[in-house]
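In what follows, a structure is listed as structure tokens, so that the remarks can point back to it.
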Amino acid sequence: MKKVLATLMAMGLAVSALAGCGSSEKPAATDAATEAASGAETSAGETSADNAGDGESYNVGICQLVQHPALDEATEGFKAALSEKLGDKVSFDEQNASGDSATCATIVNQFVANDCDLILANATASLQAAAAATDTIPILGTSITDYATALEIDDWTGTTGKNISGTSDLAPLDEQAAMLNEMFPDAKNVGLLYCSAEANSAYQVGVVKEALEGLGYTCTEYSFADSNDISSVATNAASSSDVIYIPTDNTAASNAEVVNNVCVPAGVPVIAGEEGICKGCGVATLSISYYDIGYKAGEMAYDILVNGSDVSQMPIEFAPQVTKKYVASRCEELKVTVPDGYEAIDESAE
């Protein structure tokens, strides 16, 4: 009888090992992320892992819209926070949609089919796909500019009232407009360059446009439908603008070099909504840390998974601080004078 029981127990453990969200290779990747994020042998993460309960494990699906530095940092911050707190009790199924909204839907529907414990949606299209896929599995967004716009919530109170919360990458838009005015007080015409397919980009442009017009600038919107249009639209914008503003825009971020190849030869400086775009084609930005907002989303995930927090009542969190930054080499090339109080972006970092 003891041999029979032992055999049954072994079979049960084997079945358990095959269950869950993600491939069998993911826990190994998680261990690597945990090692990198953890550092000290004795940490708060180890204590938190003990509090998660003996034998309890969590499977988290991550859908990232596209690969570029800002979103990559947010994903890494998220994984680091959960790995510090849960150790090997959390595994990640990390998928990249390569900029395609339809692929986002395919990814998150697979997460739902696999019964993941939580979904991280990195960027607006990922969040919208996850929201359409499930109203029961907790969803956390990150790198989302405006949740009300993304989720079409009219009566916004700071929480979604749904199975969704997360962190925002919204830097103060009025301060971005003020920074443009600080750097280019004599400019007349500002081109607003963004992807029309990204609702949050349109939202940012609307707010910044109003602020800039209040400062006396003439603003013109130049929108592109996808990456195929960027070069021609940027060329049109550069021909009619003294300075160009680009919001936090995933398509622009993935094609910043294209914008740079148009604007620098034309002698037109770009103010960017985030550091990754700025490094690729801009002269200055009012930047947040995407790692920080990802890390905060990871802390929120822990509260949901382990402490039982109600995601529908968790307020959207924002970056704790913003920093004025500039690209020294491009400012020098375009003969842009940088005011005091700006921090140089490390151009050697990848």
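The values are calculated or read from the model by the stated rules, or taken from the named source; none is laboratory data. All values derive from a computational prediction rather than experimental measurement. Cβ sites come from the backbone with ideal geometry, for glycine too, and all protein chains shown count toward neighbours.
Just a few scattered comments:
- Close contacts from the stretch 178-189, counting a first residue that is aromatic (Phe, Trp, Tyr) and a second that is in a loop (DSSP other than H, G, I, E, B) and at pLDDT 95 or above, with Cβ to Cβ under 7 Å and a gap of 6+ residues or different chains, come to 184/242.
- Checking each residue in the stretch 231-247 for being within 19 Å of residue 276 (Cα to Cα) and either touching a Cys at 6+ places or on another chain (Cβ under 6 Å) or assigned to a helix (DSSP H, G or I) (or both) picks out 231, 234.
- Applying the condition of being part of a helix (DSSP H, G or I) and in contact (Cβ under 8 Å) with a residue 60 or more places away in the chain to the stretch 248-259 and asking which residue is farthest from the chain's Cα centre (by Cα) yields 259.
- Among (1) without any contact (Cβ under 8 Å) to a residue 40 or more places away in the chain; (2) not in a helix (DSSP H, G or I), the one test that residue 228 misses: (2)
- Test: residue in the stretch 175-183 that is under 20 Å from the mean Cα position of the chain (by Cα), within 22 Å of residue 78 (Cα to Cα) and not in a loop (DSSP other than H, G, I, E, B): no
- Selection count where residues are within 26 Å of residue 227 (Cα to Cα) and surrounded by fewer than 17 Cβ atoms within 10 Å (Cβ to Cβ), scope the stretch 158-195: 1
- Scanning the stretch 190-210 for residues that are touching a residue at least 60 places away in the same chain (Cβ under 8 Å) and part of a helix (DSSP H, G or I) returns 199, 200, 204.
Residues checked against (1) touching a Leu at 6+ places or on another chain (Cβ under 7 Å); (2) touching a residue at least 40 places away in the same chain (Cβ under 8 Å); (3) surrounded by 17 or more Cβ atoms within 10 Å (Cβ to Cβ):
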{"site": "269", "(1), (2), (3)": "yes, yes, yes"}
{"site": "287", "(1), (2), (3)": "no, yes, yes"}
{"site": "297", "(1), (2), (3)": "yes, yes, yes"}
{"site": "302", "(1), (2), (3)": "yes, yes, yes"}
{"site": "308", "(1), (2), (3)": "no, no, no"}
{"site": "316", "(1), (2), (3)": "no, yes, yes"}
{"site": "327", "(1), (2), (3)": "no, yes, yes"}
{"site": "342", "(1), (2), (3)": "no, yes, yes"}
